[in-house]
Amino acid sequence: MAFKKGDMAGFRLQLQRAATQVPQATSDELREIAYEARNRARDMAPIDYGDLKNAIGVKRFGVQGPGGRFISGQSIYEVMIDMRKPVTASDKLAEGIKTVGDYAWEVHEHMGWAGNWRPLMPSAKSVAAGRAAGVNAGGKFLSRALLDVDLKSGGIAERLARRAKRTLRNLDK
């Protein structure tokens, strides 16, 4: 964002554009990060519980400012599990498990993964599917997915800063 001496009107216009475009750009980047984390979590989730993979999604929330009004162009994204999603596997239904929520917490919090052994472990089929995707399938898949996206992108905060800087540089064009 360049400033020319004596061009206050132009500078004011650039600041106004920055005030709308930078929050929108960083919100767009957050959405991309959330979907990357969702995809990675789906890769890391054990396939023994097939409905679990499909229940992992992204939820968008608007950002409210002072006075309760929603702020245009700004959003919060959450990678989540739809706990109410019905189970389709007949063996799970036979066990009395009706929704993903009936087992999602147990799998996420108590199942192990490669290098982190626990009494509940993913099946060989899940391990093979995870390896094919380049990850370790098993528990803590949401937490590990976000950490993986953070590490591979050089840090989420740094990624947001790069997007904001790029948006500011493009204001001069």
Checklist entry - How do the pairs read when you match residues in region 97-114 that are closer than 11 Å to Ala55 by Cβ and touching a residue at least 40 places away in the same chain (Cβ under 8 Å) with residues anywhere that are part of a strand (DSSP E or B) and aliphatic (A, V, I, L, M), using Cβ under 6 Å and keeping only pairs 6 or more apart or on different chains? => result Ala104/Ile81
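Quick grid of which residues meet (1) open to solvent by 60 Å² or more (accessible area, probe 1.4 Å); (2) at pLDDT 80 or above; (3) in contact with a Lys or Arg (Cβ under 7 Å, 6 or more places away or on another chain); (4) at negative phi:
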site: Arg12; (1), (2), (3), (4): yes, no, no, yes
site: Leu15; (1), (2), (3), (4): yes, no, no, yes
site: Ala37; (1), (2), (3), (4): no, yes, no, yes
site: Arg40; (1), (2), (3), (4): no, yes, no, yes
site: Asp51; (1), (2), (3), (4): no, yes, yes, yes
site: Ser72; (1), (2), (3), (4): yes, no, no, yes
site: Val87; (1), (2), (3), (4): no, yes, yes, yes
site: Lys92; (1), (2), (3), (4): no, no, no, yes
Next on the checklist: Scan region 17-30 and tell me whether some residue there is closer than 27 Å to Ala161 by Cβ, open to solvent by less than 60 Å² (accessible area, probe 1.4 Å), among the charged types (D, E, K, R) and in a helix (DSSP H, G or I).
Outcome noted: yes
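Can you find a residue in region 59-69 that is open to solvent by less than 50 Å² (accessible area, probe 1.4 Å) and part of a helix (DSSP H, G or I)? So that I can check it myself, show each step before the final result.
If we filter region 59-69 for residues that are open to solvent by less than 50 Å² (accessible area, probe 1.4 Å), which is where we start, we get 62-63, 65, 68.
So of that shortlist, the ones also part of a helix (DSSP H, G or I) come out as 68.
Yes, region 59-69 contains a residue that is open to solvent by less than 50 Å² (accessible area, probe 1.4 Å) and part of a helix (DSSP H, G or I).
Can we say Arg169 is of a type in the set (D, E, K, R) and either in contact (Cβ under 8 Å) with a residue 40 or more places away in the chain or surrounded by 19 or more Cβ atoms within 10 Å (Cβ to Cβ) (or both)? Talk me through it step by step, then tell me what you get.
Values: of a type in the set (D, E, K, R): yes; either in contact (Cβ under 8 Å) with a residue 40 or more places away in the chain or surrounded by 19 or more Cβ atoms within 10 Å (Cβ to Cβ) (or both): yes.
Spelling it out, Arg169 is indeed of a type in the set (D, E, K, R) and either in contact (Cβ under 8 Å) with a residue 40 or more places away in the chain or surrounded by 19 or more Cβ atoms within 10 Å (Cβ to Cβ) (or both).
Quick one: in region 122-165, of everything that is assigned to a loop (DSSP other than H, G, I, E, B) and among the polar types (S, T, N, Q), which residue is least open to solvent (accessible area, probe 1.4 Å)?
Narrowing region 122-165 to residues assigned to a loop (DSSP other than H, G, I, E, B): 122-123, 133-140, 153-155.
Those still in the list that are among the polar types (S, T, N, Q) too: 123, 136, 153.
Details: Ser123: 38, Asn136: 68, Ser153: 22 Å².
So the residue we want is Ser153.
If you go through region 94-106, how many residues are buried (at least 16 other Cβ atoms within 10 Å of the Cβ) and not in a loop (DSSP other than H, G, I, E, B)?
Within region 94-106, the first condition is being buried (at least 16 other Cβ atoms within 10 Å of the Cβ), and the residues that meet it are 97, 99-100, 103-104.
Now narrow it down to the ones that are not in a loop (DSSP other than H, G, I, E, B): 99, 103-104.
Qualifying residue count, region 94-106: 3.
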Next on the checklist: Show the residue pairs meeting these rules: Cβ distance below 7 Å; 6+ apart or different chains; first residue within region 14-25 and within 11 Å of Leu171 (Cα to Cα) and touching a residue at least 40 places away in the same chain (Cβ under 8 Å); second residue among the hydroxyl-bearing types (Ser, Thr, Tyr) and crowded, with 16+ Cβ neighbours inside 10 Å.
Outcome noted: Gln21/Thr167; Val22/Thr167
Checklist outcome for this item: Gly112 fails exactly one of (1) of a type outside the set (A, V, I, L, M, F, W, C); (2) surrounded by 16 or more Cβ atoms within 10 Å (Cβ to Cβ); (3) closer than 17 Å to Tyr35 by Cα, namely (3)
Item to check | Which listed residue is within 30 Å of Ala164 (Cβ to Cβ), within 21 Å of the chain's Cα centre (by Cα) and assigned to a helix (DSSP H, G or I), from Glu109, Glu36, Glu78 | outcome: Glu36
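The values are calculated or read from the model by the stated rules, or taken from the named source; none is laboratory data. Note that the structure is a prediction, hence the values are computed from the model and not measured. For neighbour counting, all protein chains shown are included, and Cβ atoms are generated from backbone atoms with ideal geometry for every residue, glycine included. Note: accessible area is taken over every heavy atom of the protein model, side chains too, but ligands, DNA and RNA are not part of it. Shrake-Rupley method; radii C 1.70, N 1.55, O 1.52, S 1.80 Å.
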